[in-house]
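Peer 1: Supplied in structure tokens, the structure appears directly below.
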Amino acid sequence: MPVLVCFHAHPDDEALSTGGLMRRAADAGHEVVLVTATRGEQGEPKPGVLLEGQELWERRVEETKVAAEILGCVSNEFLGYEDSGMMGEPTNDNPTCFWRADHDEAAHRLASILERVRADVLTIYDDHGLYGHPDHIQVHRVGLRAAEIAGVSHVFEATVSREDAMAAFEEMDMSPEEGDPDADGFGDDFGMPRARIRYRVPVGDALGPKRAAVRAHASQISEDDFFLSMSDEAFGRIFGYEFYAVPGDGDGGGPVDVDLLPGL
Ligand SMILES: [Zn+2]
């Protein structure tokens, strides 16, 4: 059975962007491996969630393990870089942050995992990292290079269809911009135009685990935050499909529905 590796930037990214695909692939009998570039050191912990003396990254490593289990992963690994923070922040200059990482070195770290688990399919992000976060952009660049090194021929870019997202929010009478910090970066440059996206994976039957995986990241996302406070109906309308582009694709006819990605 083909092996799926999902490469992400920070703990919690896996849940919303590829969580449905991961759970569905696991249910179909595939080995699913989560690789996370950083431990999310620059996140802001919710008040009171950290134990005495506990560092945020320690907590986030635990949360990622729980989320990975919920999503059916056989293992989860970290690439060992530090969170770069949002674009333009002084944390971008930290020499050990992912944004500063040497592409080739980082790609070799990932490639060695891809080779070890015998990856057949790799997911990364679109070329602007969904919304321009430096670590997400780096996932795209490093992921492409690692796939080349390890000879993984099926690479897909997790993204969001701008038009579909806007339509869903309008239909649900919700705007993620209305004062919600979770929605940072949601705007005209969010995701990709529909025409450039190759596949849409319906993940309605995996919404329970997908949302439970979001909930596992309690140091970052609380019950009254955007992703957990919306109704199940709204969550399903907004997160019931995952969109995947193919590197180098131009405008096509928009996404076709597939049960699982090609190669799985
Ligand atoms: Zn992230």
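Please treat every number below as a calculation from the coordinates, not as lab data. Remember, it's a predicted structure, so these values are computed and weren't measured experimentally. No Cβ is skipped: glycine too gets one built from the backbone with ideal geometry, and neighbour counts run over all protein chains shown.
Peer 1: Apply the a/c threshold of 1.5 to the C-alpha gyration tensor of the chain and tell me whether it is rounded, prolate or oblate. Show your work: numbers first, answer last.
Peer 2: Details: a/c = 1.26, a/b = 1.00, b/c = 1.26.
Rounded shape, in that the Cα axes give a/c under 1.5.
Peer 1: I'd like the Kirkwood hydrodynamic radius of segment 58-211, using the inverse of the mean 1/r over distinct C-alpha pairs, in Å. It would help to have the intermediate numbers written out before the result.
Peer 2: Working: mean 1/r = 0.0576 Å⁻¹.
Result for segment 58-211 stands at 17.4 Å.
Peer 1: Please sort by residue number the trypsin sites (Lys or Arg not before Pro) in segment 59-123 whose DSSP state is loop and whose Cβ has at most 16 other Cβ atoms within 10 Å. Mind showing how you got there, number by number?
Peer 2: Numbers: sites: Arg59, Arg60, Lys65, Arg100, Arg109, Arg116, Arg118; in loops: Arg118.
Filter output for segment 59-123: Arg118.
Peer 1: What is the antiparallel percent of DSSP beta bridges lying wholly in the chain, to the nearest 5? The partial results should precede the final answer.
Peer 2: On the way: 7 of 30 bridges.
For the chain, the DSSP antiparallel bridge percentage is about 25.
Peer 1: How do 31-42, 121-132, 5-16, 231-242 rank on mean C-beta neighbours within 10 Å, highest first?
Peer 2: Details: 31-42: 24.7, 121-132: 22.8, 5-16: 27.5, 231-242: 17.5.
So the peptides 31-42, 121-132, 5-16, 231-242, ranked by packing, come out 5-16, 31-42, 121-132, 231-242.
Peer 1: Put a dot 7 Å past each Cα toward the Cβ at His103 and Phe226; how far apart are the dots in nm?
Peer 2: With each label point 7 Å from Cα toward Cβ, the separation is 3.0 nm.
Peer 1: Another one. Highest first, please rank the peptides 208-216, 86-94, 220-228, 246-254 by the mean number of other Cβ atoms sitting within 10 Å of their residues. Walk me through the intermediate numbers first.
Peer 2: Values: 208-216: 21.1, 86-94: 13.7, 220-228: 16.1, 246-254: 11.7.
Averaged packing, sorted descending, gives the order 208-216, 220-228, 86-94, 246-254.
Peer 1: Which of these, Gly43, Gly191, Gly20, has the largest mean-square fluctuation under a Gaussian network model of the chain (Cα springs below 10 Å)?
Peer 2: Gly43
Peer 1: For segment 3-250, what relative contact order do you get, as a whole percent, if you take Cα pairs closer than 8 Å and at least 6 residues apart? Present the calculation step by step, with values, prior to reporting the outcome.
Peer 2: Working: 488 pairs, mean separation 61.3, N = 248.
After rounding, I find 25 percent.
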